[in-house]
There are 2 protein chains.
Amino acid sequence: MERNFRVNLVNSLSGYKPANLIGTLGSDGVENLAIFSSVVHLGSDPALLGFIQRPIGEQSHTYKNIIASGFFTINHVSAAHVEQAHHTSARFEKDISEFKACGFTPRYAMGFTAPFVQEAPVQIGMRFVQEIKIELNDTRLMIGQIDHVFINDGLVDSDGSLRLEDAQVACISGLDTYFQAQRIARFPYAKPNPK
Amino acid sequence: MERNFRVNLVNSLSGYKPANLIGTLGSDGVENLAIFSSVVHLGSDPALLGFIQRPIGEQSHTYKNIIASGFFTINHVSAAHVEQAHHTSARFEKDISEFKACGFTPRYAMGFTAPFVQEAPVQIGMRFVQEIKIELNDTRLMIGQIDHVFINDGLVDSDGSLRLEDAQVACISGLDTYFQAQRIARFPYAKPNPK
């Protein structure tokens, strides 16, 4: 297979992926913001999320900032911000803040050193816990524990579920295609022989 | 936080998740099928996908079958099949095939011992490569390499991207809520200073 064809295909094969902006602060004081589509739920108690870090290169500011600072934020991208969010994937110089370059507003919470994205309807403050190297292809599973959660009014149902659709939260297919989701159905806890 | 509230909230916090049915064959000849929302792209060359396996218990038929057989399939769930797909999460007895119990049709490819889901618009045959234990919460990152791909006609663009929306592929929020996605936009490779 031709390389680009293969990359596009394999990146589409897992299905829809979340659209998240990861925010970090460098030891030089420069804020970094980057789009990721590999955030995955690892467990609810302790509340752990992970994401896949590609092989480390000259860039990889997100990774370097997380290792140095111990903190990062995960921020949901709404449909209104997908173009700006995608722009964070450009190779900006190290001294450029993607917040400023792409039109997002950094926001800080007391005692937490990574910047949140003010425009995001869901903002999660993560304490870095562990990186697990995947030797097969030199990637890493980066694991963090949820420390802070900021959610726009009206998005949390009485049972704790988030109504992502009410905030027009986006999802991603492949490398560069953004989607908005509409609810089809919610089902009760499944039993072998439902009445 | 009350336990159910916490579980629902944390399961929603990462954003939209893919809706995949993982098919396996037991050494006793019983087919297993189970819904997962944690499949993640690990790399394109080699073409690797992973998923998060919860702590192993009495059940965990998917895990046991993968370890024993070395193969599994990942199948996309379309909007028309979300109720059946969710039903696979019920605790069926070990000798019950979720294919039969939930109304899916197993399909086999030559030389590949795990069952595909005939109703799925995208069917991926995976060779198990490695499990990585996440000691923090006793979960595992299960890694497989893509061996076979079957995709319905008309879903692959000329550049390799999949048009998941044309097959009404579903995604998931939280534990039990299913969505269908509509394309917002596709963007070119991002550059720092676009014209």
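The values are calculated or read from the model by the stated rules, or taken from the named source; none is laboratory data. Please read these numbers as outputs of a predicted model, since none were measured by experiment. Methodologically, a virtual Cβ is constructed for each residue, glycine included, from the backbone with ideal geometry; neighbour enumeration extends over all protein chains shown.
When both residues are 6+ apart or on different chains and their Cβ atoms are under 7 Å apart, which pairs have a first residue that lies in region B:18-47 and is at negative phi and in contact (Cβ under 8 Å) with a residue 60 or more places away in the chain, and a second that is buried (at least 24 other Cβ atoms within 10 Å of the Cβ) and among the charged types (D, E, K, R)?
From region B:18-47, the pairs are B:P18/A:K17; B:N32/B:E98; B:L33/B:E98; B:A34/B:E98; B:S37/B:K17.
Being surrounded by 24 or more Cβ atoms within 10 Å (Cβ to Cβ) and not hydroxyl-bearing (S, T, Y) is the filter; apply it to region A:14-29 and report the residue that is farthest from B:N20 (Cα to Cα).
Among residues in region A:14-29 that are surrounded by 24 or more Cβ atoms within 10 Å (Cβ to Cβ) and not hydroxyl-bearing (S, T, Y), the one farthest from B:N20 (Cα to Cα) is A:G23.
Please pick out the residue among B:D95, B:D147 that is more than 9 Å from chain A (Cβ to nearest Cβ) and not in a strand (DSSP E or B).
On the way: B:D147 fails: not in a strand (DSSP E or B).
Residue meeting the stated conditions: B:D95.
What tally of residues in region A:162-180 results from selecting those that are within 7 Å of chain B (Cβ to nearest Cβ) and either touching a His at 6+ places or on another chain (Cβ under 7 Å) or touching a residue at least 24 places away in the same chain (Cβ under 8 Å) (or both)?
11
With respect to B:L155, determine if the residue is in contact with a Gly (Cβ under 9 Å, 6 or more places away or on another chain) and either within 29 Å of B:K100 (Cα to Cα) or within 12 Å of chain A (Cβ to nearest Cβ) (or both).
Considered against the rule, which asks whether it is in contact with a Gly (Cβ under 9 Å, 6 or more places away or on another chain) and either within 29 Å of B:K100 (Cα to Cα) or within 12 Å of chain A (Cβ to nearest Cβ) (or both), B:L155 comes out as no.
Check off (1) surrounded by fewer than 16 Cβ atoms within 10 Å (Cβ to Cβ); (2) at negative phi; (3) not aliphatic (A, V, I, L, M) for B:D138 and give me the number that stays unchecked.
It is condition (2) that B:D138 fails.
With respect to the numbered conditions (1) over 19 Å from B:V7 (Cα atoms); (2) more than 7 Å from every other protein chain (Cβ to nearest Cβ); (3) at pLDDT below 95, which one is the sole condition not fulfilled by A:Y189?
So the condition that A:Y189 fails would be (1).
Does region B:101-110 contain at least one residue that is touching a strand residue (DSSP E or B) at 6+ places or on another chain (Cβ under 8 Å), of a type in the set (S, T, N, Q) and surrounded by fewer than 23 Cβ atoms within 10 Å (Cβ to Cβ)?
Looking for residues that are touching a strand residue (DSSP E or B) at 6+ places or on another chain (Cβ under 8 Å), of a type in the set (S, T, N, Q) and surrounded by fewer than 23 Cβ atoms within 10 Å (Cβ to Cβ), one finds at least one in region B:101-110, hence yes.
Quick check on this structure: which one of A:K64, A:K100 is under 23 Å from B:F187 (Cα atoms) and more than 10 Å from chain B (Cβ to nearest Cβ)? Working first, answer last.
Working: A:K64 fails: under 23 Å from B:F187 (Cα atoms).
Sole residue among the options that is under 23 Å from B:F187 (Cα atoms) and more than 10 Å from chain B (Cβ to nearest Cβ): A:K100.
Of the residues that sit in region B:117-132 and are within 15 Å of B:F72 (Cβ to Cβ), surrounded by fewer than 24 Cβ atoms within 10 Å (Cβ to Cβ) and hydrophobic (A, V, I, L, M, F, W, C), which one is nearest to the other protein chains (Cβ to nearest Cβ)?
The extreme case among them is B:V129.
Regarding region A:133-141, can at least one residue be identified that is in contact (Cβ under 8 Å) with a residue 12 or more places away in the chain, closer than 30 Å to B:N193 by Cα and at the interface with another protein chain (Cβ under 7 Å from one of its Cβ atoms)?
There is at least one residue in region A:133-141 that is in contact (Cβ under 8 Å) with a residue 12 or more places away in the chain, closer than 30 Å to B:N193 by Cα and at the interface with another protein chain (Cβ under 7 Å from one of its Cβ atoms).
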